[in-house]
Amino acid sequence: MTDYKNDPDVRAFRDTLGMFPTGVTVITARGPGGEPVGLTVSSFNSVSLAPPLVVWSLSGHLPSVPIFETAAVYAINVLAEDQQDISQRFASRGEDKFAGLAFTEGEGGVPILAGCCASFQCRQFARHPGGDHVVFIGEVLAFERDAAKRPLLFQGGAYRRLAD
Ligand SMILES: Cc1cc2nc3c(=O)[nH]c(=O)nc-3n(C[C@H](O)[C@H](O)[C@H](O)COP(=O)(O)O)c2cc1C
C-alpha cells in the first residue's frame, strides 16, 4: 500500500493547500443514541444563496462518517478567536468532547456551541465521494451570528488571528 503520509509529493501538496487561510468550525450532530457528536473541520465553505447551500468534507475513514451521513440535521459552529482549545478538543479522540461545554439545542436537538462567531443548522442536500473524503452539501435551515466576535483562523498548519 502506498505510504501517502510520508510521500514528499503529498507533503508538498498539503503544505501548498495550507497557504489558503480558512476559518475553523466544529460540526455537530446527534448520534444514533441521541449522544452529541462533533469534530473540528476547516473544509467548510459557501456554495449557493438560493437555495442556501454550504459544503464541507469529512475524512472517509473516521468513525463519525455514518453518523453524519444519516443525521437529519447537523450544525456548523464557526469558532471565535478565543476558542482554540475547543478546536483542539474536537480534533482529538478518546474523551467526552462535550464534557463541561456550554451548548444550546437547535433543530432535532443538534448541539449549538456557545460563544461562537456564527452557526448554521443544515439538513442533508447532497453527498459526493471525494477521493479519501466524503463531500457534504448542506441546505441551511437556520443561521445566526455574533458580529462582535472575531473568528479563529487556520493557515500553514497553525492557528492565526485577524490583525487589527
Ligand atoms: C484545524 C483543523 C481542521 C480540520 N479539518 C478537517 C476537515 O475539514 N475534515 C476532516 O475530516 N477532518 C478535519 N480535521 C481533523 C479532525 O478534526 C480529526 O480527525 C478528529 O479527530 C475527528 O474526530 P474523531 O476522532 O472523533 O472522529 C481538522 C483538524 C484541525 C485541527
Only one of L58, L101, L39 is open to solvent by less than 40 Å² (accessible area, probe 1.4 Å), part of a loop (DSSP other than H, G, I, E, B) and of a type outside the set (S, T, Y), namely L101
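Which ones in the stretch 120-164 are in a strand (DSSP E or B), small (G, A, S) and under 23 Å from L62 (Cα atoms)? Show your work before the answer.
Of the stretch 120-164, the ones in a strand (DSSP E or B) are 120-130, 133-145, 151-155, 158-161.
Checking the rest, the ones that are also small (G, A, S) come to 126, 130, 138, 142, 158.
Within the stretch 120-164, A126, G130, G138, A158 qualify.
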Checked pairs for the stretch 53-67, first touching a residue at least 40 places away in the same chain (Cβ under 8 Å) and more than 13 Å from V41 (Cβ to Cβ), second open to solvent by 20 Å² or more (accessible area, probe 1.4 Å) and within 8 Å of the ligand (Cβ to nearest atom), C-beta under 7 Å and 6 or more apart or across chains, list as G60/H133
Result of the Cβ filter at 7 Å on the stretch 135-164, keeping first residues that are within 14 Å of the ligand (Cβ to nearest atom) and of a type in the set (A, V, I, L, M) and partners that are open to solvent by less than 40 Å² (accessible area, probe 1.4 Å) and part of a loop (DSSP other than H, G, I, E, B), at least 6 apart or interchain, is L152/V24; L152/L79; L152/Q83
Discussion item. Checking the structure you have, find out if any residue of the stretch 121-135 is aromatic (F, W, Y), in contact with a strand residue (DSSP E or B) (Cβ under 8 Å, 6 or more places away or on another chain) and closer than 20 Å to G23 by Cβ.
Written reply: no
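Out of the residues in the stretch 61-75 that are among the hydrophobic types (A, V, I, L, M, F, W, C) and assigned to a strand (DSSP E or B), which is surrounded by the fewest Cβ atoms within 10 Å (Cβ to Cβ)? Please lay out each step first, then the result.
Within the stretch 61-75, the subset among the hydrophobic types (A, V, I, L, M, F, W, C) is 62, 65, 67-68, 71-73, 75.
Next, from what is left, pick out any that are assigned to a strand (DSSP E or B): 73, 75.
Working: V73: 19, A75: 29.
Checking each candidate, the answer is V73.
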Across the stretch 107-139, the tally of residues that are open to solvent by 20 Å² or more (accessible area, probe 1.4 Å) and closer than 16 Å to A71 by Cβ stands at 13
By residue number, the members of the stretch 1-35 that are more than 15 Å from the ligand (Cβ to nearest atom), loosely packed, with under 11 Cβ neighbours inside 10 Å and within 25 Å of R160 (Cα to Cα) are A12, T16
Scanning the stretch 115-141 for residues that are of a type in the set (A, V, I, L, M, F, W, C) and over 17 Å from V47 (Cβ atoms) gives C116, C117
Residues of the stretch 1-36 being over 20 Å from the mean Cα position of the chain (by Cα), of a type in the set (A, V, I, L, M, F, W, C) and not in a helix (DSSP H, G or I), in sequence order, are M1
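The values are calculated or read from the model by the stated rules, or taken from the named source; none is laboratory data. None of these values were measured; they are calculated from a predicted model. Cβ sites come from the backbone with ideal geometry, for glycine too, and all protein chains shown count toward neighbours. Heads up: the accessible areas ignore ligands, DNA and RNA and are worked out on the full protein's heavy atoms, side chains in. Shrake-Rupley method; radii C 1.70, N 1.55, O 1.52, S 1.80 Å.
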